[in-house]
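Each remark here refers to the structure printed beneath this line.
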Amino acid sequence: MKNYRFVLLTVLLLWLKTYLVYKNSFDIKIESWKQEFILFISPLSFLLFIFGLALFMSEKRRNRYIVITSFIVSFVLYANVMFYRFFSDFITIPVLFQTNNMGDLGNSVFELMNVSDIFFFLDVALLAWMAYKKVSIAQYVPATKRFRRTYFLATVAIALFNLGLAETERPELLTRTFDREMLIKNLGIYNYHVYDIILQSRSKAQRALADSSELADIQNYVNANEKAPNKELFGIAKGRNVIIVSMESLQSFVINNTVNGQEITPFLNDFIKQSYYFDNFYHQTGQGKTSDAEFIIENSLYPLGRGAVFFTHATNEYNATPEILKNYGYYSAVFHANNKSFWNRDVMYQSMKYDRFFSMTDYNITEENSVGWGLKDIPFFEQSVQHLKTLPQPFYTKFITLTNHFPFELGEEDKMVPEYTSNSRTLNRYFPTVRYMDEALKVFIEQLKKEGLYENSIIILYGDHYGISENHNKAMAQYLGRDEITPFDHVQLQRVPLIIHIPGVTDKHPKVISKVSGQIDVKPTLLHLLGINTRNQIHFGEDLFSKDKLDFVVLRDGSFVTKDYVYTKNACYDKKTGVEVDASHCEPYMEKARQELDYSDKIVYGDLLRFYNKQQENKR
Ligand code: GP9
Ligand code: MN
């Protein structure tokens with residue numbers, strides 16, 4: 001045994017390190033000793049396997065292989081830690097290949113690093129030093145056949161034992177994959193990545209195998225759920241210009257709220273009083289963040305459980321709002337002062353049939369008018385309106401703001417409210433950047449009025465996704481005056497503002513609407529307001545104004561919200577009290593939630609809309 005000590009030492013070091021990282025860098029919920037035990041052994045089978053390969057190597061290559069591989073494995077672990085600090089989530093292969101994004105992350109990455117991160121590579125350094133100095137433990141002894149056999153038998157046994165335990169803990173773990181934490185908790189982070197690679201190749205095969213009969217099933221489901229439009233509002237904005245604004249990282253909890261006694265969103269609070277405001281509206285984004293929100297809003301499909309659909313399925317056939325409106329004489333454009341390839345937008349916007357994408361190169365961006373991720377929102381809107389003026393009308397347009405983005409940087413001169421005081425720098429800095437974006441929206445509306453583009457428009461503002469992740473729960477609880485943020489509270493914090501403003505209509509009869517709803521509902525709602533029937537279209541949302549609109553929303557992680565209950569992390573909560581209740585209360589909706597995500601995924605993975613007959617729809 002002692003002859004193979006270097007391999008075993010490597011496995012031991014990486015194993016213990018991985019477990020320490022699990023406990024310190026990720027927030028993995030453990031409910032029993034058994035779960036803790038599974039978590040503990042989970043990295044082992046992969047590490048034994050990957051370093052076991054060294055036993056087949058010659059003297060020259062073995063130690064080099066061990067050092068390099070341990071570096072790669074450590075790097076994968078560290079990359080996950082960095083990713084987790086920002087997204088509270090683990091990396092998936094599609095996200096990893098978004099090199100454009102990773103490059104642009106620049107600032108944020110530094111913000112996420114700590115000096116103590118050196119710890120992640122200490123063992124690699126130690127192994128490299130041992131190999132270099134040829135200390136006795138690192139000296140080469142060829143492995144016997146017998147040892148190799150025993151070694152790999154043990155590896156397989158451990159892997160099966162792990163899988164078996166995981167199966168008792170979580171049946172169907174491998175087939176229901178939208179919860180990454182569960183996978184990592186049970187299989188270990190490395191096996192998870194292997195599994196993710198398999199999934200990726202499978203989804204490639206899925207398109208090849210899909211056929212049109214799958215779409216027929218989905219069409220039946222969608223037709224059965226179609227709700228009649230609200231008669232009074234159908235067509236109320238017919239022929240108007242459409243102006244949509246994606247409000248970066250804006251959550252509902254800041255609306256009508258204060259920080260140190262000062263209003264955080266004075267403009268929006270006022271604007272809401274002249275609009276339809278939805279205060280139970282949820283974002284449904286996954287790893288694709290802003291781009292997922294865009295995808296949902298304009299396709300009324302769900303984004304994917306892993307990766308950003310803007311990346312993974314950008315060349316699919318879609319039937320997005322810009323394409324539909326083209327048949328009604330609309331010109332479409334999108335405005336975003338970032339690199340055009342970020343989130344693969346340049347490719348995806350073509351599939352969504354946008355006529356024009358005003359990106360970074362269309363703006364005058366200088367040191368002075370930038371902060372954080374780029375052009376500040378006020379100059380962004382000012383310059384955008386100059387472009388907007390030149391478009392043919394009616395137009396359908398979308399504006400994507402940027403200043404209120406993690407890490408929420410802002411110059412002193414732009415801070416209109418003070419930072420908050422808590423242990424979270426992120427939450428503290430969130431308020432001034434939200435306030436800044438609010439000011440930018442005010443400027444935007446003023447400019448629209450000045451240019452005569454306001455009266456004949458319908459304006460829709462939505463929050464794209466959360467800005468404050470679970471990592472800041474403690475500070476968040478402090479801000480909200482609670483003892484803690486429970487899983488129930490966490491779901492409720494996924495509410496983002498939705499404001500529909502129709503000059504001449506909503507200013508006369510503003511309304512706060514508390515129906516449970518989500519981003520998926522925006523497309524059919526807008527089309528109905530424009531007087532376009534959505535019957536026979538494939539969409540999972542419902543018209544927010546329809547009398548029969550269900551109080552129901554499914555989040556991308558499988559959580560869902562109904563009129564009276566919230567279902568998340570396998571538990572059902574009473575909305576009034578926030579207290580966990582018997583699962584039977586949530587039961588009636590479980591199937592629907594699962595079904596919708598499943599159907600939507602089928603459409604995206606199988607590229608099923610290529611079988612959809614648009615001709616028939618457009619003739620109506
Ligand atoms: C990038 C911007 C922000 O162009 O939309 O993206 P996010 O990180 O929020 O998805
Ligand atoms: Mn965003």
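Just one of D362, D377 is closer than 25 Å to V109 by Cα and modelled with pLDDT of 95 or more; which is it? Being closer than 25 Å to V109 by Cα and modelled with pLDDT of 95 or more holds for just one of D362, D377, which is D377. Within region 329-343, residues that are more than 14 Å from F380 (Cα to Cα) and free of Cβ contacts under 8 Å to residues at least 24 places away in the same chain sit with their Cβ atoms under 7 Å from residues that are in a loop (DSSP other than H, G, I, E, B) and open to solvent by less than 10 Å² (accessible area, probe 1.4 Å), at 6+ positions apart or across chains, in these pairs: K340/S359.
Restricting attention to region 106-155, the residues that are among the basic types (K, R) and open to solvent by less than 40 Å² (accessible area, probe 1.4 Å) total 0. Taking strands (runs of 3 or more DSSP E) as the structural unit, those lying wholly within region 444-520 and holding at least 1 residues that are touching a residue at least 40 places away in the same chain (Cβ under 8 Å) and open to solvent by less than 10 Å² (accessible area, probe 1.4 Å) correspond to 457-463, 498-501. Exactly one residue out of Y605, Y567, Y589, Y573 is outside the structural domain of V516 (by TED's automatic domain parsing), touching a residue at least 12 places away in the same chain (Cβ under 8 Å), closer than 22 Å to M182 by Cβ and open to solvent by 40 Å² or more (accessible area, probe 1.4 Å): that is Y589.
Annotation: of all residues in region 283-322 being more than 13 Å from the chain's Cα centre (by Cα) and within 16 Å of ligand 2 (Cβ to nearest atom), the one that is farthest from Y349 (Cα to Cα) is I297. Given the criteria surrounded by 19 or more Cβ atoms within 10 Å (Cβ to Cβ) and free of Cβ contacts under 8 Å to residues at least 24 places away in the same chain, does P432 qualify? Considered against the rule, which asks whether it is surrounded by 19 or more Cβ atoms within 10 Å (Cβ to Cβ) and free of Cβ contacts under 8 Å to residues at least 24 places away in the same chain, P432 comes out as no.
Restricted to region 38-62, and to residues there that are open to solvent by 10 Å² or more (accessible area, probe 1.4 Å) and of a type in the set (A, V, I, L, M), the residue that is modelled with the lowest pLDDT is M57. Against the criterion of being in the same structural domain as F380 (by TED's automatic domain parsing), within 16 Å of ligand 2 (Cβ to nearest atom) and at pLDDT 95 or above, G467 qualifies.
Note on region 396-426: residues that are within 16 Å of ligand 2 (Cβ to nearest atom) and touching a Gly at 6+ places or on another chain (Cβ under 9 Å) total 9. Across region 539-557, a minimum of one residue is classified as in contact (Cβ under 8 Å) with a residue 24 or more places away in the chain, under 23 Å from E31 (Cα atoms) and surrounded by fewer than 22 Cβ atoms within 10 Å (Cβ to Cβ). Note on region 261-295: residues that are closer than 22 Å to I502 by Cα, more than 11 Å from ligand 1 (Cβ to nearest atom) and in contact with a strand residue (DSSP E or B) (Cβ under 8 Å, 6 or more places away or on another chain) total 13. Reported count of residues in region 346-391, each being in a helix (DSSP H, G or I), farther than 17 Å from Y436 by Cα and open to solvent by less than 10 Å² (accessible area, probe 1.4 Å), is 5. Of the numbered criteria (1) at pLDDT below 95; (2) open to solvent by 20 Å² or more (accessible area, probe 1.4 Å); (3) of a type in the set (F, W, Y), the one Y328 fails is (1). Please specify each residue of region 392-416 satisfying the condition of being open to solvent by 10 Å² or more (accessible area, probe 1.4 Å) and away from ligand 1 (no atom under 11 Å from the Cβ). Correct list: P392, Q393, P394, E409, L410, G411, E412, E413, D414, K415, M416.
Within region 226-260, restricting attention to residues that are part of a strand (DSSP E or B) and within 27 Å of Y354 (Cα to Cα), the residue that is farthest from ligand 1 (Cβ to nearest atom) is N241. Scanning region 572-599 for residues that are of a type in the set (G, A, S) and in contact with a helix residue (DSSP H, G or I) (Cβ under 7 Å, 6 or more places away or on another chain) yields one hit, G578. Kindly indicate whether V561 is at pLDDT 95 or above, open to solvent by less than 40 Å² (accessible area, probe 1.4 Å) and closer than 24 Å to K602 by Cβ. Here the answer is yes, as V561 does meet what is asked.
The values are calculated or read from the model by the stated rules, or taken from the named source; none is laboratory data. Small disclaimer: the values here were computed from a predicted structure and weren't measured. In this analysis, Cβ positions are derived from the backbone assuming ideal geometry, glycine residues included, and neighbour counts consider all displayed protein chains. Just the protein is used for accessible areas: all its heavy atoms, side chains included, with ligands, DNA and RNA removed. Shrake-Rupley method; radii C 1.70, N 1.55, O 1.52, S 1.80 Å.
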